[in-house]
């Protein structure tokens with residue numbers, strides 16, 4: 001996912017791959033509620049922002065060995081800050097997502 005959609009060009013496909021339509025509407029409504037930025041503006045910004053964020057996460061990819069650990073992505077995914085990305089992190093992310 002990160003490698004597929006990371007970049008500096010807008011990508012509606014990146015947004016569609018990450019968010020269902022209902023989740024996108026919920027997200028944009030939440031952003032509007034917290035920032036005052038109109039939902040339509042938020043949704044228009046996402047195709048630009050999502051590839052940029054993914055590009056940032058991709059910066060940790062090792063140039064000579066792209067299959068080696070990516071410290072930037074690992075830090076982002078390591079929800080309990082124990083230095084590893086494991087089932088505990090996956091469950092924590094799932095739990096946060098289900099609570100919304």
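The values are calculated or read from the model by the stated rules, or taken from the named source; none is laboratory data. Given the structure is predicted, the values throughout are model-derived calculations rather than measurements. No Cβ is skipped: glycine too gets one built from the backbone with ideal geometry, and neighbour counts run over all protein chains shown.
Listed values, structure above:
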item: Yes/no for residue 67 being in a loop (DSSP other than H, G, I, E, B) and closer than 20 Å to residue 4 by Cα; result: yes
item: Some residue of region 7-14 being at pLDDT 85 or above, assigned to a helix (DSSP H, G or I) and touching a helix residue (DSSP H, G or I) at 6+ places or on another chain (Cβ under 6 Å); result: yes
item: Subset tally (residues that are at pLDDT 90 or above and under 23 Å from residue 70 (Cα atoms)) for region 15-47; result: 2
item: Condition broken by residue 86, with the remaining ones in (1) surrounded by 11 or more Cβ atoms within 10 Å (Cβ to Cβ); (2) under 14 Å from the mean Cα position of the chain (by Cα); (3) without any contact (Cβ under 8 Å) to a residue 12 or more places away in the chain satisfied; result: (2)
